[in-house]
Each structure stands twice: as C-alpha cells, then as structure tokens.
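One structure is given here, and the rest of the page talks about it.
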There are 2 protein chains.
Amino acid sequence: MCEANAYVLKNDQEELIFEKVDRVLPHERGLLLQDIFGRQMILEGRIKELALVDHKIILERIEKSV
Amino acid sequence: MCEANAYVLKNDQEELIFEKVDRVLPHERGLLLQDIFGRQMILEGRIKELALVDHKIILERIEKSV
C-alpha cells in the first residue's frame with residue numbers, strides 16, 4: 001500500500017497529525033484527508049510538500065486573518 | 001516503491017505530465033517535481049488533490065494575470 005503519513009509544519013518541526021493517508025481532497029474549509037480505512041479529517045491548511053518514497057505529506061496551516 | 005504519476009487538470013480531464021514522482025517541493029515559480037531517478041520538472045501550479053493508493057497527484061496550473 002502506498003499511503004503516507006501527514007505532518008503539519010509547526011516551528012519548523014514536522015508534527016504527525018494523520019496516518020495512512022490515501023486521499024487528500026479540496027474542502028471548503030481547507031483540505032479533507034482520508035485514510036485507507038475511510039476515516040476522515042478536515043484541516044484548515046494546504047499541501048506544502050510531498051516525499052512519497054518516504055511516505056510523507058507535509059501540510060501547512062492557513063493563517064487566519066483576525 | 002510508492003511514487004505516483006502527476007496529472008494536470010485541463011478542461012476537467014487529467015493530463016499526465018510527469019511519471020514516477022517522488023518529491024514535490026515549493027519553488028519560486030510554483031512547484032518542483034522530482035521523479036525517483038532525480039529528474040526534475042518545474043510547473044507553475046499547485047497541488048490540488050492526492051490519491052496515493054491510486055498513485056495519483058492532481059495538479060492545477062496557476063492562472064496568470066495579464
């Protein structure tokens with residue numbers, strides 16, 4: 001299986017937020033992540049970087065304007 | 001190996017533009033795609049969607065303002 005783990009960049013550190021991700025889809029609030037079991041998570045962010053052979057998806061949160 | 005193929009959406013069709021992609025990195029002109037052999041391609045676009053079990057990366061071109 002070629003799923004990957006999703007990380008969010010936080011202070012230049014990669015923080016694991018979701019494992020075994022299959023699909024990442026656009027969502028009105030950012031991104032919809034779905035793992036290989038069909039579990040879903042919504043993140044207010046965008047995809048920054050991929051390293052698929054390392055099974056990594058790097059995301060970044062969208063800064064909210066106040 | 002868990003590389004994927006990169007497609008660009010064009011008129012709602014997925015057009016294959018780069019195969020066996022390992023890494024996708026931010027680049028000043030958009031995205032830098034690198035395949036498992038180290039070959040590189042720059043695309044003025046962004047990542048729209050991932051379907052990793054299907055080995056697909058869906059990209060969209062950035063519209064240029066005239």
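Readers should treat all values here as calculations from the given coordinates under stated rules, not as data from a laboratory. Here the structure is a predicted model, which is why all the values come from computation and not from measurement. Cβ atoms come from the backbone with ideal geometry, glycine included; neighbour counts cover every protein chain shown.
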If every Lys and Arg gets +1 and every Asp and Glu gets -1 at its Cβ, then about the Cα centre the protein assembly as shown yields a dipole, in debye to the nearest 20, of 220
Once Lys and Arg are counted +1 and Asp and Glu -1 for all other residues with Cβ under 15 Å from that of residue B:6, the total becomes -3
Going fewest to most other Cβ atoms within 10 Å around each Cβ, A:23, B:61, A:29 line up as A:29, B:61, A:23
If labels are modelled 7 Å from Cα along the Cβ direction, residue A:15 lies from its partners in the other copies at nm distances, smallest first, of 4.0
The answer for residue B:36, listing residues at least 5 apart or on another chain whose modeled amide H is closer than 5 Å to its amide H, is B:22
In terms of the alpha carbon gyration tensor, root eigenvalues a ≥ b ≥ c, rounded if a/c is under 1.5 and otherwise prolate when a/b exceeds b/c or oblate, the protein assembly as shown is rounded
In debye to the nearest 20, the charge dipole size for chain B, taken about the Cα centre with +1 at each Lys and Arg Cβ and -1 at each Asp and Glu Cβ, equals 200
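Sorted from fewest to most neighbouring beta carbons within 10 Å, what does the list A:21, A:53 look like?
By the 10 Å Cβ count, ascending, the order reads A:53, A:21.
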at residue B:53 the sorted inter-copy label distances (label 7 Å from Cα on Cβ side), in nanometres, are 2.5
Karplus ³J(HN,Hα) for region B:5-22 (6.51 cos²θ - 1.76 cosθ + 1.60, θ = phi - 60°; Hz, whole; x = Gly/Pro) runs 9, 9, 10, 10, 6, 9, 6, 6, 9, 8, 9, 5, 10, 7, 10, 6, 6, 9
Taking the dipole of chain A about the Cα centre (Lys, Arg +1; Asp, Glu -1; charges at Cβ), the one of A:53, A:11, A:34 that reaches farthest to the positive side is A:34
Computed ³J(HN,Hα) along region B:31-46: with the Karplus parameters 6.51/-1.76/1.60, θ = phi - 60°, integer Hz and x for glycine or proline, the list is 10, 9, 9, 10, 8, 5, 9, x, 5, 10, 8, 10, 10, 7, x, 9
Chain B: longest segment with zero exposed GluC sites (Glu not before Pro), where exposed means DSSP loop plus at most 14 other C-beta atoms within 10 Å, is residues B:1-27
If amide H atoms are modeled at 1.01 Å from N in the peptide plane, then the residues at a separation of 5 or more from residue A:62, or on another chain, having amide H under 5 Å from its own are A:45, A:46
So, in nm and shortest first, the distances from residue A:36 to its counterparts in the other copies, with label points 7 Å along Cα→Cβ, work out as 1.6
